[in-house]
Amino acid sequence: MKNKIIIAMFGILFLASFASAGLLVDENSFIINKTVNEDYSLVFELQNTEDFSFFNISFEDNDFIEMDEIDELPANSNISVSATITTNLDVDENIKIKGYYLSDLGESSDTYNINIDYNNGIDNCDLQLIQGDTIVWHNLASTAIDLMYADGELMTTIDGGSNSSRYFNTPITFNYYASYFGLAFTDICTVNVLGSSGYINNPNFDAAINLKVSQEYEPTTISATFLETNYTMDFFKSQDGLLSIKNTGDKIAKNIMLSGDWFSFSDNNFDIDPGYSKTISYVISPTKAFTTNDTDKTYYINVSISGNFEEVSQQFSIFIKYADIDNNSYSAGTDIISILSKYCEEHPEADFCNSAKKIVYVNKTDDNLFNVTFQQDQIKRLFASWFGFMDSMSADINFLKDRIDTIENKTSNVSTSQSLLIEKYNEAISKEDKDVEVITVIILFAIAIAVAVILVWLIIYFWKKRQKVEADSY
């Protein structure tokens, strides 16, 4: 019994000294370009930095890379490992290399207390135990919390101010966190329970490689047909078009990407089998013509097609017709000017749209006949002023509504004050000192009325002042 305790203590001290020891891959980061459907061979050196042997060494379960199991790697020795990358997916993963060593620690039957609260989380986050140990989790919060496995499965629920314990009679490693109403409020913690004897895997001794794999596809060839590459457009309009892509090679064309300024495509990032074609529609929406100076110009825009083939590029010539964009802030379809411009484009014969013509407004008042002549840009400004006036009127109406609501609220408050004053007056009558209180009530009543009158006067004054400023601006 005494020898067993000594062995156990030695084993615990031995485990505590494992910081950066165990299995090791010196150059453990690999960036690989791999061809789809072809395996890739990876060779690296694996080192045992300990004074004891590791057995049954292999990758942890994964779908990306595999190796032949190493039966034994003696103490302080190296071995060249040949691994095979089999996946056809892009990979960015850290993958462990696990080994086992022979040990006889004996059960320690220790109890580990872990406190959990909202402020500090889990106070002893990563624990290494031996088979036979127990953990007691103490919920210091006043409400119930859930302990969740890292994959989202519920481990246990602990009521506020309560405890939960778990005895570990078999080796196990798991990650967990604490949550409240489904929201994690701690980091992910690890519990690693080692076996008391036999072949033991200690995660602290595991090696790891960082594997970054980019998949490449066997090259093929394509041809692209563009039905039209020269366009003449109004600056605020869009233009549709078609192009056709054919896979002229004997390998699949993968992840075909189309790109180009001003262009949006009906489909992108697609595949085409050998001998097949695909028709793509596109929309050209000019995004550089924002001012008058940007119009009456030709723009050259490149459209590129890329994938596992030599990139195809096609230049488009796009002429933007002249447009007089008011104050460099024209926005198609959003104001009266754009409506008038569009109307004139569709009805150029209209007198209104002929800039060389004048629009004559005829008015007859009693026996006086007079004509007023406007240029087209004056009509535009007239419309703009009219809509601005209507917007101002709408703002004034809203202003008056707000002020009327305020007056009503103030009137209501005055009525309430009057009721309270009358009540106060009636109470004062029944008291010996009623004369003084009556005078006080009357004074307070007069003050309340005066305040209400002043508020109404101020509102009317500022409203008239605002109307005068706006009238002067016109």
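Backbone phi angles across the range 279-290, fed through the Karplus curve with coefficients 6.51, -1.76 and 1.60 (θ = phi - 60°), yield HN-Hα couplings of 9, 10, 9, 9, 10, 9, 10, x, 10, 10, 8, 10 Hz in residue order; Gly and Pro are listed as x.
Compared with the direct C-alpha span, the chain from Ser266 to Ile443 gains 55.8 nm at full extension, assuming 0.36 nm per residue. Convex hull of alpha carbon positions in the range 222-320: directionally averaged projected area 5.8 nm².
Computed about its Cα centre, the charge dipole of the range 222-320 is approximately 20 debye, with only Lys, Arg, Asp and Glu carrying charge at their Cβ. Which links in Lys34/Lys246; Lys237/Lys278; Lys254/Lys278; Lys212/Lys251; Lys237/Lys321 stretch past 19 Å when you go from one Cα to the other? The pairs that break the limit, which is 19 Å between Cα atoms, are Lys34/Lys246; Lys237/Lys278; Lys212/Lys251.
Note on the range 111-195: dipole from Cβ charges, positive end direction compared against Phe168, Tyr149, Ser179; the farthest Cα belongs to Phe168. What are the ³J(HN,Hα) couplings of the range 165-180, residue after residue, when phi is run through the Karplus curve with 6.51, -1.76, 1.60 and θ = phi - 60°? Round to Hz, x for glycine and proline. Values, residue by residue: 10, 9, 9, 10, 9, 9, x, 6, 10, 8, 10, 8, 8, 9, 9, 9 Hz. Proximity of backbone amide H atoms, modeled 1.01 Å from N, is registered between Phe319 and Tyr231, Thr232, Met233, Tyr299 at under 5 Å, excluding neighbours fewer than 5 places apart on the same chain. With r as the distance between the Cβ atoms of Thr287 and Asp187 and R0 = 51 Å, compute the FRET efficiency 1/(1 + (r/R0)^6) and round to 0.05. Calculated value: 0.65. Short-range pairs are left out: with C-alpha atoms under 8 Å and at least six residues apart, the relative contact order of the range 111-195 is 33 percent.
Work out, step by step, the length gained on full extension between Phe52 and Thr86: first 0.36 nm times the residue separation, then minus their alpha carbon distance; give nm to one decimal.
Working: separation 34, 0.36 × 34 = 12.24 nm, distance 3.25 nm.
Stretched fully, the Phe52-Thr86 segment lengthens by 9.0 nm.
Under 13 Å from a point 7 Å along the Cα-to-Cβ line of Val36: which residues of the range 65-96 have their amide N that close? Answer for the range 65-96: 88-90. Each residue, Ala150 and Asp294, gets one label point 7 Å from its Cα in the Cβ direction; the gap between the two is 5.1 nm. Remark on Asp126: its backbone amide H falls under 5 Å from those of Thr190, a criterion applied only to residues 5 or more positions apart or on other chains, H modelled at 1.01 Å from N.
In this structure the amide hydrogen of Ser196, modeled in the peptide plane, comes within under 5 Å of the amide hydrogens of Gln131, none closer than 5 places in sequence on its chain.
Every number in this text was worked out from the coordinates using simple rules, so none of it is lab data. The shown structure was predicted, so the numbers you read here are calculated from the model rather than taken from an experiment. In this analysis, Cβ positions are derived from the backbone assuming ideal geometry, glycine residues included, and neighbour counts consider all displayed protein chains.
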